[in-house]
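Asker: Quick one: the structure is below, questions incoming.
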Amino acid sequence: MDHIAGPAPQILPCDDGRTIAYHQTAGKSPGVVFLTGFKSDMTGGKALALENFCRSSGRTFLRFDYTGHGRSSGVFEEGSIGQWAADAVEVLDHLTEGPQVLVGSSMGGWIMLLMALARPDRTAGLLGIAAAPDFTRDLLWDAFTDEQKAQMEADGYVDLPNCYDDREPYRIAKPLIDDGWNRLLLDNPIALDMPVRLIHGMRDEDVPWQTSLRIQERLTSQDVEVQLVKDGGHRLSEDHDLDRLCRTLTALLDRIDGGAE
């Protein structure tokens with residue numbers, strides 16, 4: 001992932017001693033909160049493109065790093081979906097006011113849904129980019145060989161190749177897998193009734209595009225739209241992808257603003 005250096009982040013201290021790094025842009029409501037993907041951080045192309053979009057349109061924007069990611073405290077291998085969702089709710093509760101549009105990329109799409117379920121009254125809308133709920137089961141555990149499952153039980157982790165960085169594999173630790181079983185969403189209705197937009201590349205080799213169709217089937221909301229990008233991969237971070245993302249967010253915000261009148 002491409003990262004761009006910038007000013008030092010602000011720090012949110014939490015009651016349990018952990019610290020969450022973030023950048024916030026002031027503006028009008030509803031605000032936008034960006035939720036990053038697995039082992040990613042808030043300096044990626046989509047986060048910065050959305051920040052520029054919100055700044056130019058005078059809208060509040062917040063990006064942050066989960067525990068064990070980027071500039072926040074903690075150890076990545078000790079993290080879990082539940083911990084990172086708790087980070088997101090902590091940020092929502094302490095750093096934002098009023099309704100927010102949650103934008104989640106890949107794993108951030110799972111966090112986005114959990115966050116909205118925890119704070120439905122604070123969530124004005126959802127925008128998922130290659131959203132990946134339940135990936136710890138569907139894309140990791142169910143795909144592990146018997147040898148990998150045995151290694152997980154014996155060693156507490158499995159290393160997987162990282163197609164984006166040859167130098168460092170993805171270390172999948174047992175807390176991530178164990179906690180994931182308690183956060184699964186796609187087996188039952190997802191009781192959210194705000195507008196939802198989902199974008200997914202049909203050449204995504206990490207998260208099947210059918211996942212976005214499963215999400216829309218499970219959502220109780222009737223205002224759900226899925227965009228399938230025929231030549232799109234997982235990251236959807238090229239200039240034309242970022243343009244599409246901002247256009248989709250604009251239309252979603254217009255829909256929300258119009259519904260509030």
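The values are calculated or read from the model by the stated rules, or taken from the named source; none is laboratory data. All figures in this text were calculated on a predicted structure; none of them were measured in a lab. We place every Cβ from the backbone using ideal geometry, glycine too, and count neighbours over all the protein chains shown.
Asker: Which pairs turn up if I take residues in region 132-145 that are surrounded by 18 or more Cβ atoms within 10 Å (Cβ to Cβ) and look for partners that are among the β-branched types (Val, Ile, Thr) and not in a helix (DSSP H, G or I) with beta carbon separation below 7 Å, at least 6 apart in sequence or on another chain?
Answerer: Partner pairs satisfying both residue conditions: Ala132/Val207; Phe135/Val207; Leu140/Ile172.
Asker: Let me ask something else. Could you check region 201-237 and list, in sequence order, the residues that are exposed (fewer than 13 other Cβ atoms within 10 Å of the Cβ) and closer than 20 Å to Gly45 by Cβ?
Answerer: Result: Arg203, Glu205, Asp231.
Asker: Another question about this same structure. Only one of these conditions is not met by Val196: (1) touching a residue at least 60 places away in the same chain (Cβ under 8 Å); (2) among the hydrophobic types (A, V, I, L, M, F, W, C); (3) surrounded by fewer than 18 Cβ atoms within 10 Å (Cβ to Cβ). Which number is it?
Answerer: (3)
Asker: Now for a different question. What number of residues in region 153-192 are more than 23 Å from Leu114 (Cβ to Cβ) and crowded, with 18+ Cβ neighbours inside 10 Å?
Answerer: 1
Asker: Continuing with the same structure: So which helices (runs of 4 or more DSSP H) stay within region 148-261 end to end and still have 1 or more residues that are modelled with pLDDT of 95 or more, under 30 Å from Gly98 (Cβ atoms) and touching an Asp or Glu at 6+ places or on another chain (Cβ under 9 Å)?
Answerer: 210-218, 239-260
Asker: How many residues are under 26 Å from Ile199 (Cβ atoms) and of a type in the set (Asp, Glu) when one looks only at region 40-96?
Answerer: Residues that pass the stated criteria total 4.
Asker: Further question: In region 1-38, how many residues are charged (D, E, K, R) and either modelled with pLDDT of 95 or more or surrounded by 20 or more Cβ atoms within 10 Å (Cβ to Cβ) (or both)?
Answerer: Filtering region 1-38 for residues charged (D, E, K, R) gives 2, 15-16, 18, 28.
With either modelled with pLDDT of 95 or more or surrounded by 20 or more Cβ atoms within 10 Å (Cβ to Cβ) (or both) added as a condition, the list becomes 28.
Adding up the residues that qualify gives 1.
Asker: Of everything in region 223-250, what is in contact (Cβ under 8 Å) with a residue 40 or more places away in the chain and of a type in the set (A, V, I, L, M)? Give them in sequence order.
Answerer: Leu236, Leu242, Leu245, Leu249
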